[in-house]
Ligand SMILES: [Zn+2]
């Protein structure tokens, strides 16, 4: 494919504003880079957070989109020509490869990371130029929409449970929030051998949690005592996926003796706790930020082996021009995910 001069892209112009659609010049790949034709990009809760100014007002204007898959159509002078035509998942973080954090396998954190779709223009666009080291080749024939959601929607919960909480077989895992992240954390938790307690507000999401393998399903409205009782009295790991200070507090309230509480949902409000909440039950509160390139490799493998399904995330697909509608659906909670298809 010839390198095109420009492609369509969706731009968030400012805090709270609706997306605009523009022609963006295509950047031919420099050494170490590849040009990708974006085939699919999921619309995530953090796109909503970005639109609300959660990442900082200075991040806008920007082209969002950080959960993407596409095809390599050009590579820079020194890059491997075998990449041409390859289906790839896009890892949204560009970290200094020689830096301390990337070298220790933690390229998702550090002072110098660049987030696609936040710090630099993202993949709600027909074309994007990315460093080759951020690309994860996928088995040919993988559905691009599935591949896109495997990165963030699945990878975030995987990272939280495998790398941060280090869930062990036989532990009791409570997942608060059964949306785009939490629904997949249920699948990952079952794969790790945990007993999974799904905590959700809406009946439809609790039904989904059951289909994805949750052992115990409760309503957040049952409150801490009801949830702990339903879980059998002891919760070992709590994964908090909702952008809500009330749910942050619920996560702490249901944490059992010696447990780990992992925060994943982004919320602008604070919550309070006493030191004795932590001390008496000797639990730890941990943050989990996104995922790593290696997490993507591993979740692609789980998907290939049929351990993880993405069907509940890829049913709603729209053309790029309907980003505004997709964000509105997310606000209303009427969909878990919409996948935009920039070539539709
Ligand atoms: Zn996201």
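FYI, it's all coordinate maths here, none of it is from the lab. Note that the structure is a prediction, hence the values are computed from the model and not measured. Cβ atoms come from the backbone with ideal geometry, glycine included; neighbour counts cover every protein chain shown.
Once Rh for the stretch 75-150 is found with the Kirkwood sum over Cα pairs, what is the Stokes-Einstein diffusion coefficient at 10 °C and 1.306 mPa s, in µm²/s?
Numbers: Rh = 13.7 Å.
Reported coefficient: 116 µm²/s.
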Compactness of the stretch 127-272 as Cα Rg over 2.2 N^0.38 Å, two decimals: 1.09
Mean-position separation - Cα centroids, the stretch 36-92 and the stretch 111-154, in angstrom: 4 Å
Residues residue 343 and residue 203, FRET efficiency given R0 of 56 Å [Cβ-Cβ distance, rounded to 0.05]: 0.95
Among beta bridges that DSSP assigns inside the chain, antiparallel share in %, nearest 5: 55 percent
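Could you work out the relative contact order of the stretch 183-293, using alpha carbon pairs under 8 angstrom and six or more residues apart, expressed as a whole percent?
18 percent
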Most fluctuating residue given options 90, 11, 192, as computed from a GNM of the chain linking Cα atoms under 10 Å: 192
Approximate shape of the chain as ellipsoid semi-axes (Cα gyration tensor, √5λ), whole Å, largest first: 35, 20, 19
Helix 245-254 axis, angle to the chain major axis (alpha carbon atoms, nearest 10°): 50 degrees
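Once the piece of chain linking residue 279 and residue 297 is laid out straight, how much longer is it, given 0.36 nm per residue of separation minus the C-alpha distance between them?
2.7 nm
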11 Å reach of a label modelled at residue 286, 7 Å along Cα-to-Cβ, counting backbone N of the stretch 167-184: 167-168
Over 16 Å [Cα-Cα, the stretch 218-332], rounded percent: 72 percent
Under 16 Å from the residue 272 label point (7 Å along Cα→beta-carbon), backbone N, the stretch 211-246: 245-246
Net lengthening on full extension, residue 334/residue 17 (0.36 nm per residue, minus Cα-Cα): 112.0 nm
Paramagnetic reach from residue 78 in the stretch 92-121 [backbone N under 17 Å; point 7 Å along Cα→Cβ]: 95-99
For the stretch 25-90, alpha-carbon Rg relative to the globular expectation (2.2 N^0.38 Å, N residues): 1.35
Inter-label distance for residue 57 and residue 98, nm, one decimal - labels placed 7 Å from Cα along Cα-to-Cβ: 3.8 nm
Pairs of alpha carbons in the stretch 53-203 whose separation is greater than 20 Å (percent): 59 percent
Length-normalised contact order of the chain in % [C-alpha pairs under 8 Å, at least 6 apart]: 18 percent
Angle between the chain longest axis and helix 323-332 axis [Cα atoms, degrees, rounded to 10]: 0 degrees
Residue 119-residue 257 FRET efficiency (beta carbon distance; Förster radius 35 Å; 0.05 resolution): 0.30
